[in-house]
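Colleague: Pasting a structure here, questions to come.
The values are calculated or read from the model by the stated rules, or taken from the named source; none is laboratory data. Quick caveat: nothing in here was measured; it's all calculated off a predicted structure. Because the Cβ atoms are built from the backbone with ideal geometry, glycine has one as well, and the counts that use them run over all protein chains shown.
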Amino acid sequence: MEVSREIYWNVGHVVVLPMYLFAFAAIAVFIWGFYRRTSTYRLGKSLNRFDHLPQRFWLVARNALVQLRVLKVRLPGSLHSLFFWGFGVLFIGTLLVMAQSDFFDLLFHIKFLQGGFYEFFSLALDLAGLVALLMLGGLLVRRFIVRPKGLETIRDDYLVHALLFAILLTGFVIEGVRMAVTEIGSNPDLARFSPVGYLFAEAFRGLSASQLESLHKVLWWVHFFLAVGFIAAIPFTKLRHIFTATANYFFSDLSPKGTLATIDLEDESAEQFGAATVSDLTWKDIFDADACTSCKRCQDRCPAWSTDKPLSPMKVVQQIGELAFSAPEANLCETVTSDVLWSCTTCRACQEICPVSIEHVNKIIEMRRNLSLMEGAFAGDEVRTAINNFEVNGNPFGLAYASRGEWAEGLDVQLMEEGADVDILYFAGCYASFDQRNQEVARSFVKICNSAGVKVGILGKQEKCCGEPARKLGNEYLYQTMAQENIETIKVYGWRVRQIVTTCPHCYNTLARDYQDLGLTIPVEHSTTFIARLLQEGRLTLTPEPFEFTYHDSCYLGRYMDIFDQPRAVLAAAGGRLSEMDKSGPESFCCGGGGGRILADETLGRRINEERVHMAEATSAPLLVSNCPFCLTMFEDGIKTAGCEERLRAGDLAEIVAARLATTSTEETGP
Amino acid sequence: MKILVCIKQVPDMESRFKPDGAGLWFSEQDLAFRVNEYDEYAVEEAVQLREQLGDAVDLTVLSIGPDRVVEALKKVLAMGCDRAVHVQDPQAALKDPWQIAAIIAAFARDKGFELIFTGMQSQDRGSAQVGVALAEQLGIPSVTTIVAFDYADGAVTVKRELEGGIKGVVKLSAPALLTCQSGLNVPRYPTLPNIMKAKRKELLTVPVAELLHEEALATTASFHPPAKKGGGIVLEGDVAEMADQLIAILKERTTVLR
């Protein structure tokens, strides 16, 4: 028996011409459908996302073909990916049929769909179809029956589900009907390689050969038109994400995470700063909206949305798309609303989870830049006061700048201006300098350094806020002013500053990454990794003392800098037993203090810090450890306002370590 | 219409003040400076009037002091003033209010300013005299501590703060001088385009000797911190211990528990 099947069985080669005409028509519609969108993408400002091509293709392979980002959320991700692979195999199978029948066989009389390869081909396609059908069923149950909270179902979803189901089902029916005539009974050995088709064939066994042939003819055309309809529908429905998401992986931001465009403040011709309309954003920002599939993974993880604030990162991205396509001249910030824009903590949870690599945070900051730099707007009167305080005293509290170094009195710390020779420059930051609770962290860090024989220098009253909160609130001018002053101050000490260490992840991100744009090239490290290295190198020894704790990954150490393991290792070395919160590591839940929100009153919705404190409480660990002054401040507040003082305390990693220094006398006890 | 706003650059009040070498004023070491709060209300009101009347208004801002006051002038230029005058005087802090007013009057006399806005007082010296003394020397009417302002066709209507929360309404016609109290407005935050524009605005520097021809009416005899009195005590630590400490203090130093 021949191990193959007759291509165009029953319908005959007469279908080839009309088939290709319709197929090309569908492809033409597809191209036109996408082409007409490109003029909207072009509304945005230019941005080069065509550099580092190998890396970009690699991202496409990992995320489109292997679906790594989609699979980050296990269950719906698996359904999607298995469906994608199943449907992809069917698509490749169809291409192979076309390639043999209408090219190799036609021109060179070469047939490869036969023998063992045909058996493999037949089985692979049959199972791929089954997998696709089952996964589609799973997705259908999720969308229309389980209906996860926040999942919005629109016309496209009904259409796409119906279309895909119809394509898969008619495919199996056609196969079954053909097999009922050509394989069942006459070629049972081959039928074994189409188990699902076999079941369908069994179902049609009762019909006569002529009935089967008529049914096959009709269904063949139905299946064909559904398939070309699918291709034509792609640019006009949510299906467009097949291509826009793939392209979005290619167009990924390859700069270090958290990189913001540094505005050229010397450019006298600039009249607009930040984004007032969609055309002030980049083309990629508009394209992002076209890649969005409304999967709401970002919204689920947004600390603002989770606490009943009006911000949904997904909706912001979609609003940009809606305006770009319908009213590009409209005021973007008014459409999105300032309440939404000021609610963002820039925690990056949205961006980290997005299956299609959308960049949410910088869009929000660009809009904030418009509010701040063009309209002189603030997130609240308390923020206005804090910004004024930065301008006068270089700290948000409005405390005298000259008292900035006073926390270090009595400690073994050198003032840089006194000409000390030091191993590290400790950039203390505003909170460790002025906030009583965080001064403990600064003192702890100095004690750790002393114990390891590391000579510490500080800038004292010469130090100013690194500018991070101002920058994230959109005030690039104030950020650059303070940043330039800090950089000039540090550069005066020349080679004497070999390394900068911060205890604040916000200072760390800003000095290590953002200051590079302004000319600071000295290595910068966060105290956590610095301490981890001192331990590893044996320069620091601890006397471990058992304690139970839960660890909060601050956004700017975790998601922004991928520092997850070192803090856990340090705390384990100190004798800690960790109970993880549900939301930890890259999925950590913001304390509420990022994005300049530390300066603002939380007037909308519930309090983010209380939400996080309750998550910590749920682990039953009595100690919530973080390593960020904003987190510590938010948690100290949250523990009080949520009434958890009896069950939970907040501490900083440096305090834990400082209390367990091998040389420390037993009288000193840390948290 | 020409408007003049007078501003002073003052130290941030959170700073720690120490007498200077001569013991006549505070030392400027380790001080951060800012625009006097009340003068910001004056600037904002003038800028709002400028917005109301359009380009017919020419808004001059003046400040007396050492070179550091240029920072303050730049800030208010960015808020919307048209031109700035820096009366250069490193010894401004040693002049009395009458002399300061005389300097401004000498500058303003032949300029035809229809309205002059000042703060109701400075945050550092707090004499609240420069505005009224300036009006006196120019021979124009003045109203102090205004909390609302309206201008229409040369007629000025202001609300001023009286004791006990009572407000009084005063009507007068330009030229006039007004000293501004908090509550009048919320001073705007300069936008970046305006900060950049301000860099190109006219900034005239006049040495104080060209304008000052008056002797001081009052001189500062001494500047010194008040004698230290017993401060408050903050108890910290364990609640039980703090309670014991409190009882001990009440027993030792008061008659409450006797």
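Colleague: Has the range A:343-359 got any residue that is surrounded by fewer than 24 Cβ atoms within 10 Å (Cβ to Cβ), more than 15 Å from the chain's Cα centre (by Cα) and among the small types (Gly, Ala, Ser)?
Modeller: no
Colleague: Name the single residue, out of those in the range A:422-462 being under 18 Å from A:Gly593 (Cα atoms) and of a type in the set (D, E, K, R), that is nearest to the other protein chains (Cβ to nearest Cβ).
Modeller: A:Arg437
Yes/no matrix, rows are residues, columns are (1) touching a Ser or Thr at 6+ places or on another chain (Cβ under 9 Å); (2) modelled with pLDDT of 95 or more; (3) aromatic (Phe, Trp, Tyr):
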residue	(1), (2), (3)
A:His241	yes, yes, no
A:Pro256	no, yes, no
A:Trp283	yes, yes, yes
A:Ile286	yes, yes, no
A:Cys292	yes, yes, no
A:Gln299	yes, yes, no
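Colleague: Hey, could you check the range A:378-387 for residues that are of a type outside the set (D, E, K, R) and within 8 Å of chain B (Cβ to nearest Cβ) and say which is surrounded by the fewest Cβ atoms within 10 Å (Cβ to Cβ)? Even if it seems obvious, please write down each step before you answer.
Modeller: Initially, the range A:378-387 is screened for residues of a type outside the set (D, E, K, R), giving A:378-380, A:383, A:385-387.
Now narrow it down to the ones that are within 8 Å of chain B (Cβ to nearest Cβ): A:378, A:387.
Numbers: A:Phe378: 24, A:Ile387: 22.
Going through the qualifying residues, I end up with A:Ile387.
Colleague: Go through (1) more than 14 Å from chain A (Cβ to nearest Cβ); (2) closer than 26 Å to B:Gly126 by Cα for B:Ala155 and report which single condition fails.
Modeller: The single condition B:Ala155 does not satisfy is (2).
Colleague: Does the range B:23-44 contain at least one residue that is surrounded by fewer than 16 Cβ atoms within 10 Å (Cβ to Cβ), away from chain A (no Cβ under 14 Å) and either in a loop (DSSP other than H, G, I, E, B) or of a type in the set (D, E, K, R) (or both)?
Modeller: Within the range B:23-44 (the criterion being surrounded by fewer than 16 Cβ atoms within 10 Å (Cβ to Cβ), away from chain A (no Cβ under 14 Å) and either in a loop (DSSP other than H, G, I, E, B) or of a type in the set (D, E, K, R) (or both)), the answer is yes, since at least one residue qualifies.
Colleague: Which residues, taken from the range B:96-113, are surrounded by fewer than 18 Cβ atoms within 10 Å (Cβ to Cβ) and either on the phi < 0 side of the Ramachandran plot or in a helix (DSSP H, G or I) (or both)?
Modeller: Once the filter is applied, which keeps residues that are surrounded by fewer than 18 Cβ atoms within 10 Å (Cβ to Cβ) and either on the phi < 0 side of the Ramachandran plot or in a helix (DSSP H, G or I) (or both), the range B:96-113 yields B:Arg109, B:Asp110, B:Lys111.
Colleague: Can we say A:Ala275 is out of contact with any Asp or Glu (no Cβ under 8 Å at 6 or more places or on another chain), crowded, with 24+ Cβ neighbours inside 10 Å and either within 24 Å of A:Glu375 (Cβ to Cβ) or aromatic (Phe, Trp, Tyr) (or both)?
Modeller: Spelling it out, it is not the case that A:Ala275 is out of contact with any Asp or Glu (no Cβ under 8 Å at 6 or more places or on another chain), crowded, with 24+ Cβ neighbours inside 10 Å and either within 24 Å of A:Glu375 (Cβ to Cβ) or aromatic (Phe, Trp, Tyr) (or both).
Colleague: Scanning the range A:249-300 for residues that are among the β-branched types (Val, Ile, Thr) and in a helix (DSSP H, G or I), which turns out nearest to the other protein chains (Cβ to nearest Cβ)?
Modeller: So the residue we want is A:Val278.
Colleague: Tally up the residues in the range A:410-435 that are under 35 Å from the mean Cα position of the chain (by Cα) and not β-branched (Val, Ile, Thr), please.
Modeller: 11
Colleague: I've got another one for you. Inside the range B:179-201, can you point out the residues that are under 30 Å from B:Gly126 (Cα atoms) and more than 7 Å from chain A (Cβ to nearest Cβ)?
Modeller: B:Thr179, B:Cys180, B:Gln181, B:Ser182, B:Gly183, B:Leu184, B:Asn185, B:Val186, B:Pro187, B:Ala198, listed by residue number.
Colleague: A follow-up question, please. Please count how many residues of the range A:528-566 are over 22 Å from the mean Cα position of the chain (by Cα), in contact (Cβ under 8 Å) with a residue 40 or more places away in the chain and within 28 Å of A:Glu617 (Cβ to Cβ).
Modeller: 9
Colleague: Return only the number of the condition from (1) at pLDDT below 95; (2) exposed (fewer than 15 other Cβ atoms within 10 Å of the Cβ); (3) assigned to a helix (DSSP H, G or I) that A:Arg205 does not satisfy.
Modeller: Only one criterion is unmet by A:Arg205, namely (3).
Colleague: Taking the range A:468-481 on its own, how many of its residues are within 14 Å of chain B (Cβ to nearest Cβ) and either among the hydroxyl-bearing types (Ser, Thr, Tyr) or surrounded by 24 or more Cβ atoms within 10 Å (Cβ to Cβ) (or both)? Don't jump to the end; show me each part of the working.
Modeller: Our first condition is that a residue be within 14 Å of chain B (Cβ to nearest Cβ); within the range A:468-481, this holds for A:470-471, A:473-481.
The next check asks that each one be either among the hydroxyl-bearing types (Ser, Thr, Tyr) or surrounded by 24 or more Cβ atoms within 10 Å (Cβ to Cβ) (or both); those that pass are A:470-471, A:473-477, A:479, A:481.
Qualifying residue count for the region: 9.
Colleague: Name the residues in the range A:507-521 that are assigned to a loop (DSSP other than H, G, I, E, B) and either surrounded by 24 or more Cβ atoms within 10 Å (Cβ to Cβ) or among the polar types (S, T, N, Q) (or both), would you?
Modeller: A:Thr521
Colleague: Another one. Scan the range B:37-83 for residues that are among the small types (Gly, Ala, Ser) and more than 16 Å from the chain's Cα centre (by Cα) and report the count.
Modeller: Count: 4.
Colleague: Further question: Collect the residues in the range B:239-252 that are surrounded by 10 or more Cβ atoms within 10 Å (Cβ to Cβ) and not polar (S, T, N, Q), keeping them in residue-number order. I'd like the intermediate steps shown before the answer.
Modeller: Just the residues of the range B:239-252 that are surrounded by 10 or more Cβ atoms within 10 Å (Cβ to Cβ), to begin with: B:241-251.
Listed by number, the residues that qualify are B:Glu241, B:Met242, B:Ala243, B:Asp244, B:Leu246, B:Ile247, B:Ala248, B:Ile249, B:Leu250, B:Lys251.
Colleague: Which of the strands (runs of 3 or more DSSP E) contained wholly in the range B:120-197 include at least 2 residues that are touching a Phe, Trp or Tyr at 6+ places or on another chain (Cβ under 7 Å) and more than 30 Å from A:Glu266 (Cβ to Cβ)?
Modeller: Values: elements: B:142-152, B:155-161, B:167-173, B:176-180.
The qualifying strands (runs of 3 or more DSSP E) are B:176-180.
Colleague: For the range A:522-567, which positions are assigned to a strand (DSSP E or B) and either surrounded by fewer than 21 Cβ atoms within 10 Å (Cβ to Cβ) or of a type in the set (Phe, Trp, Tyr) (or both)?
Modeller: Hits for the range A:522-567 are A:Glu525, A:Phe547, A:Glu548, A:Phe549, A:Tyr551.
Colleague: Turning to a different aspect of this structure: Determine whether the range B:3-19 contains at least one residue that is aromatic (Phe, Trp, Tyr), in a loop (DSSP other than H, G, I, E, B), out of contact with any Leu (no Cβ under 7 Å at 6 or more places or on another chain) and within 14 Å of chain A (Cβ to nearest Cβ).
Modeller: yes
Colleague: Also, quick follow-up: What are the pairs, 6+ residues apart or on separate chains, where a residue within the range B:246-258 that is at pLDDT below 90 has its Cβ under 6 Å from a residue that is in a helix (DSSP H, G or I) and basic (Lys, Arg)?
Modeller: That search, which allows pairs on different chains as well, returns B:Leu257/B:Lys251.
Colleague: While we're looking at this one, here's another question. Go through A:Ser433, A:Ser403 for me and flag whichever is under 30 Å from A:Cys344 (Cα atoms) and free of Cβ contacts under 8 Å to residues at least 60 places away in the same chain.
Modeller: A:Ser433
Colleague: In the range B:167-179, is there at least one residue being modelled with pLDDT of 95 or more, of a type in the set (Val, Ile, Thr) and surrounded by 20 or more Cβ atoms within 10 Å (Cβ to Cβ)?
Modeller: yes
Colleague: Confirm whether A:Gln100 is crowded, with 16+ Cβ neighbours inside 10 Å, in a helix (DSSP H, G or I) and of a type in the set (S, T, N, Q).
Modeller: yes
Colleague: Given the residues B:Val158, B:Val186, which is the only one that is among the hydrophobic types (A, V, I, L, M, F, W, C) and more than 21 Å from B:Ala78 (Cα to Cα)?
Modeller: B:Val158 is the lone residue from the list that is among the hydrophobic types (A, V, I, L, M, F, W, C) and more than 21 Å from B:Ala78 (Cα to Cα).
Colleague: Of all residues in the range A:483-499 being crowded, with 22+ Cβ neighbours inside 10 Å and among the hydrophobic types (A, V, I, L, M, F, W, C), which is farthest from A:Gln414 (Cα to Cα)?
Modeller: Checked the range A:483-499; the qualifying residue farthest from A:Gln414 (Cα to Cα) is A:Ala483.
Colleague: At positive phi, more than 14 Å from chain A (Cβ to nearest Cβ), in contact (Cβ under 8 Å) with a residue 24 or more places away in the chain and buried (at least 20 other Cβ atoms within 10 Å of the Cβ): which single residue out of B:Gly65, B:Gly119 fits that description?
Modeller: Of the residues listed, the single one that is at positive phi, more than 14 Å from chain A (Cβ to nearest Cβ), in contact (Cβ under 8 Å) with a residue 24 or more places away in the chain and buried (at least 20 other Cβ atoms within 10 Å of the Cβ) is B:Gly65.
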